[in-house]
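> Here it is, the structure in full.
The values are calculated or read from the model by the stated rules, or taken from the named source; none is laboratory data. Small disclaimer: the values here were computed from a predicted structure and weren't measured. Cβ placement follows ideal geometry from the backbone for every residue including glycine, while neighbour counts extend to all protein chains displayed. SASA here: full protein model, heavy atoms, side chains in, ligands and nucleic acids out. Shrake-Rupley method; radii C 1.70, N 1.55, O 1.52, S 1.80 Å.
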Amino acid sequence: MIKRIDKKWFLSYFAVFVLICFSYLYLYKYGKNLIWNIDSVGQYYPAFLYIGEYIRNFLSGLLSGKIIAPFFDLSIGMGEDIVGCLNYYGFGDPINLISIFSNKDNGVFIFTFVYFLKLFFAGLAFQKYCHYLKLNKGISVFGSICYCFCGFAIYGSTMYIEWSSVLIYFPLVLLGVEKLIKEDRKSVFIISIFYGALCGFYFLFMVSLCLPIYVLVRGKSCCDKDNKKLLEIIIKAVACYFVGLFLAAPVFLPSVKAFFESERSSQSIFEVIGDINNWIPRKDRLLFSCILNPFHGRMSFSSNITVTETICLAVLFILIWNKKANQLKLAFSICFVSYLFPIVNLLFNGFGEETNRWLFILSFIVALIFVYVITYIVNGEFNLIDLKEKYLNIIICCICVATVLNLSYGILSLFRNWKNDFIDAGKTKYYVESPFNEFSLNDNDLFRVSNTSLTNINGRPENVAMINDYNGNTYWFSIINKNTMDFANKYNDENVSWRSYGFGDNSILNGNIGCKYLITDEKVLDNGYELIDTADYYGNTWNLYKNSNFVEFAFISNNDIDECDKVSFNDSITGKVSNLEYIKENNVLTCSAICDENSSLNILFPYSNNWKAYVNGKEVDVKRSNGMFISIDLDPNIENNITLEYKNDSIIIGTVISLITLAIVLIYYILDKRNKHLI
């Protein structure tokens, strides 16, 4: 139960939070919702709906005595590892369990609720940190508002909702370090790292880069000149960090594995470090201008720093001199100076590209400085001001009101210039449904569907097949199987990383990748297609074409074709399989086949070392064929019973690591409690 004073400040925070949230009604005034019409509608929202469906299927399976938890889904892109591809979008984030209540009808409301819930939790986490540092609880309420409605939150997290998770666990990680240093309590630090690892390694990597500096500075401050104690703190911090990672290993390991096996390659570290331009301070002063001018029309991750925060920043640097103030000055100065150097932005993004997504750290520091300076004044430590308490309280109230108004104005400034880039409130379902569902089709074969753009909203491919229960050939994800992406780039004759627009109406190429149907709102001239149905989709006529060059998902062939956009696999097929069955829930394909000595079994699943193949009960090698697919050697001239199974060993290994770590933690906890009891 919340203590009386804690309940008081909690309710105050809730009231102010809701008050600022009314600023978002500006979007709804113009008939928009909180789904950005690029990455949000294209990636994050479909992933959110998919996660909800995945959880529902898992729970319904448990109720019927089955475990339905597939590792691979053919409907994600052209077939992707579920955890590896979707962890970046929130698969693993505990808060996204709420998505279980979402569907295409109410999904936008649940999605929006989760957005605000995460910001709300971020503010609570900030307050917990401030309370532990014994800063004024009332001022901490308004500091937390500054933090959870900073530019990174209202700009970055609106575009990419899962970014808001780091706003929650970053203050908790720092709180965990404080408790570790001062009380030798490890639980908060471990749990916060555990939560961060579940949410993905991307922002956890950025947080991890800050941790050594924070542990050293705060540890040295608390240990004074006791270097032995400082060393003990460092060792304990490292141990707790890895305990948190190991507990999250069932999600963390496959997501990291998928990243290193994806097409998302980084620049050479040595080339980045050796480039002199990366060490030269940038000429623009965007960060500085945001601090001096918080009312930016074009917001950035460092925006919405209030006038009151800026004043407190000036007061700190000019008028307050003590150990705590100096540590805050050091933290801000490091961030401020670091932003000027491209090498820092490259470092925080894993040397992949230069971004400033780490600026949530700056927003945290500025909000903390705001709370510290006002607390310093309230506590009467500021000798330059000698005011009666009632006048001081009036001034503090004015500062708090000004802060709220300032933040609200910042939000309105953003959406006034950005509102047209959001989805119309009445058209949300249009962007998550598919014309394919409108056709009367009864086909039990395993096949893919190619399509032209379904919405044309942002000139990028849609990720709707995964939430409409069919297998497509277009996709747009941050983490994609490298073989699939190389194949898409080759036949699109361009390098469009992380996405594929499909292969147009080329019946041979589409047929060779298992596309049995093409859906389009245009007339197709390729004579390899036969028009078999039409349907109305939100006022437009869509056509369903059947592809005469369709190739079964499993076939016997003696050729590895390099130019499969010109030569049909059908021309090289030497035999067919029988008893073909694909069990989607378990991602297992079984079939039987007879082949000659020079032939092999080809399967149109994207190649990955997670696939395991068994022929007549014996494991055999899985090879890559035709650019991105799977090939398996069979015993010639006899009947082969084949099982192809997707086994992501990193999930299994991660689960074992997590269970062992959990057992060790429990044993340590029991022994520690017993020893304290004996003492």
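> Between the DSSP loop rule and a limit of at most 11 other Cβ atoms within 10 Å, which GluC sites (Glu not before Pro) in the stretch 420-511 are left?
Numbers: sites: Glu433, Glu438, Glu462, Glu494; in loops: Glu433, Glu462, Glu494.
When the GluC sites (Glu not before Pro) of the stretch 420-511 are filtered for loop state and at most 11 Cβ neighbours within 10 Å, Glu494 remain.
> In nm, what is the difference between 0.36 nm times the number of residues separating Asp226 and Tyr430 and their Cα-Cα distance? Intermediate values should be presented prior to the final figure.
Numbers: separation 204, 0.36 × 204 = 73.44 nm, distance 6.39 nm.
Once the chain is fully extended between Asp226 and Tyr430, it gains 67.1 nm.
> Here's something else I'd like to know. Quick check: net charge around Ile320, other residues with Cβ under 13 Å of its Cβ, Lys/Arg +1 and Asp/Glu -1?
Working: positive: Lys323, Lys324, Lys329; negative: Glu381.
With Lys, Arg at +1 and Asp, Glu at -1, the neighbours total +2.
> If you don't mind, another one. With +1 on the Cβ of every Lys and Arg and -1 on the Cβ of every Asp and Glu, and nothing else charged, how large is the dipole of the stretch 462-614 about its Cα centre, in debye rounded to the nearest 20? The partial results should precede the final answer.
Details: 10 positive and 22 negative charges, 78 e Å.
Using only the charged Cβ atoms, the result is roughly 380 debye.
> Restricting to the chain, what percent of DSSP beta bridges are antiparallel, rounded to 5?
Details: 51 of 56 bridges.
In the chain, DSSP labels about 90 percent of beta bridges as antiparallel.
> List the lysines whose alpha-carbon lies under 19 Å from that of Lys118, not counting same-chain residues fewer than 8 positions away?
Here the lysines satisfying the reach criterion relative to Lys118 are Lys128.
> Now for a separate question. Along the stretch 618-634, what does the Karplus equation 6.51 cos²θ - 1.76 cosθ + 1.60 (θ = phi - 60°) give for ³J(HN,Hα), rounded to whole Hz, x for Gly and Pro?
Computed from phi, the couplings for the stretch 618-634 are 10, 5, 10, 6, 9, 10, 8, 9, 6, x, 9, 9, 10, 10, 10, 6, 10 Hz.
> Let me ask something else about it. I want to check the label-to-label distance for Tyr132 and Asp533. Put each point 7 Å from Cα in the C-beta direction and report it in nm to one decimal.
Inter-label distance under the simple model: 5.8 nm.
> May I pose another question? Could you give the nm distance between label points at Leu671 and Phe382, where each point is 7 Å from its Cα heading toward the beta carbon?
The two pseudo-label positions are separated by 5.1 nm.
> Quick one: of Lys32/Lys546; Lys236/Lys647; Lys546/Lys623; Lys8/Lys323; Lys32/Lys104, which pairs are farther than 27 Å apart, Cα to Cα?
Values: Lys32/Lys546 38 Å; Lys236/Lys647 35 Å; Lys546/Lys623 30 Å; Lys8/Lys323 31 Å; Lys32/Lys104 17 Å.
Violating the 27 Å limit, Cα to Cα: Lys32/Lys546; Lys236/Lys647; Lys546/Lys623; Lys8/Lys323.
> Under 1.5 on a/c is rounded, so check that first for the stretch 321-469, then, if it is not, pick prolate when a/b is larger than b/c and oblate when it is not; a ≥ b ≥ c are the square roots of the alpha carbon gyration tensor eigenvalues.
Numbers: a/c = 4.05, a/b = 2.23, b/c = 1.82.
It is prolate, given that a/c is not under 1.5 and a/b is the larger ratio.
> Between Phe14 and Asp635, what length in nm is gained on full extension when 0.36 nm per residue of separation is reduced by their alpha carbon distance? Each step should come with its number before you reach the end.
Values: separation 621, 0.36 × 621 = 223.56 nm, distance 6.83 nm.
Taking 0.36 nm per residue and subtracting the Cα distance, the gain is 216.7 nm.
> Over the alpha carbons of the stretch 55-146, what is the largest minus smallest coordinate on each principal axis, giving the biggest first in Å?
Result, largest extent first: 52, 27, 26 Å.
> Only four residue types carry charge here, +1 at the Cβ of Lys and Arg and -1 at the Cβ of Asp and Glu. Report the dipole size of the stretch 141-224 about the Cα centre in Debye, rounded to the nearest 20.
On the way: 6 positive and 5 negative charges, 28 e Å.
Roughly 140 debye for the stretch 141-224.
> Using the alpha carbons of the stretch 465-576, what is the convex hull volume per residue in cubic angstrom, as a whole number? It would help to have the intermediate numbers written out before the result.
Working: hull volume 14.9 nm³, N = 112.
It is 133 Å³ per residue.
> Given the whole protein assembly as supplied and a 1.4 Å probe, what does the accessible area of Val16 come to in Å², nearest 10?
That residue has around 20 Å² of solvent-accessible surface.
> What is the sum of charges around Val577, taking Lys and Arg as +1, Asp and Glu as -1, for the other residues whose C-beta is under 13 Å from the C-beta of Val577? Walk me through the numbers on the way to the answer.
Working: positive: Lys576; negative: Asp445, Glu552, Glu581, Glu639.
Here the count lands on -3.
> Also: Considering only protein heavy atoms and a 1.4 Å probe, what is the carbon-and-sulfur percentage of the accessible area of the stretch 495-629? Could you put the intermediate results ahead of the total?
On the way: 2600 of 6260 Å².
C and S atoms contribute 41 percent here.
> Next question, about the same structure. Gain in length, Arg56 to Asp275, computed as 0.36 nm per residue apart minus the alpha-carbon separation, to one decimal in nm? Please report the intermediate quantities before stating the final value.
Working: separation 219, 0.36 × 219 = 78.84 nm, distance 5.00 nm.
Extending this stretch completely gives an extra 73.8 nm.
> Still on this structure, I have one more. From largest accessible area down, sort Tyr45, Tyr155; use a 1.4 Å probe on the protein chains.
Working: Tyr45 0, Tyr155 50 Å².
The ordering from most to least exposed comes out as Tyr155, Tyr45.
> Also: Could you compute how much accessible surface Ile396 exposes when probed at 1.4 Å, giving the result in Å² to the nearest 10?
The accessible area comes out at roughly 20 Å².
> Using only Cα atoms, find the angle between the long axis of helix 137-148 and the longest principal axis of the chain, and express it within 0 to 90 degrees, rounded to the nearest 10.
The answer is roughly 30 degrees.
> Pairing the Cα long axis of helix 4-21 with the longest principal axis of the chain, what angle in degrees results, from 0 to 90 and rounded to the nearest 10?
60
> For the stretch 104-181, rounded, prolate or oblate, judged on the Cα gyration tensor with a ≥ b ≥ c (square roots of eigenvalues), a/c < 1.5 rounded, else prolate if a/b > b/c?
Values: a/c = 2.52, a/b = 2.03, b/c = 1.24.
Taking the square roots of the gyration eigenvalues as a ≥ b ≥ c, the stretch 104-181 is prolate.
> Does the chain come out rounded, prolate or oblate, given a ≥ b ≥ c as the square roots of the eigenvalues of its C-alpha gyration tensor, rounded meaning a/c under 1.5 and, failing that, prolate meaning a/b above b/c? All intermediate terms of the calculation are to be shown ahead of the outcome.
Values: a/c = 2.27, a/b = 1.73, b/c = 1.31.
Taking the square roots of the gyration eigenvalues as a ≥ b ≥ c, the chain is prolate.
> Here is a further query. Just to be sure I understand the model, the point goes 7 Å from the Cα along the line to the Cβ. What's the resulting Lys7 to Lys179 distance in nm?
2.3
> For a protection proxy built on the mean count of beta-carbon atoms within 10 angstrom, sort 343-349, 243-249 highest first, please. Can you show the working numbers first?
Values: 343-349: 19.6, 243-249: 23.3.
Most protected by this proxy first, the peptides run 243-249, 343-349.
> Per residue, how much accessible surface does the chain expose to a 1.4 Å probe? Answer in Å², no decimals.
Numbers: 30340 Å² over 679 residues.
On a per-residue basis, the chain sits at 45 Å².
> To continue, here is another question. Report, to the nearest 10°, how far helix 45-63 tilts away from the longest principal axis of the Cα atoms in the chain, using its own Cα long axis and a range of 0 to 90°.
Orientation of helix 45-63: about 80 degrees from the principal axis.
> Which value, in Å² and to the nearest 10, is the accessible area of Arg282 when all protein chains are kept and the probe is 1.4 Å?
Around 50 Å² of this residue is reachable by solvent.
> Given charges of +1 on the Cβ of Lys and Arg and -1 on the Cβ of Asp and Glu, with all other atoms neutral, how large is the dipole of the chain about its Cα centre, in debye to the nearest 20? Mind showing how you got there, number by number?
Working: 58 positive and 62 negative charges, 990 e Å.
Its charge dipole is roughly 4760 debye.
> What is the log10 of I(q)/I(0) for the stretch 633-679, computed with the Debye formula using one identical point scatterer on each Cα and no solvent, at q = 0.23, 0.32 Å⁻¹?
-0.84, -1.05
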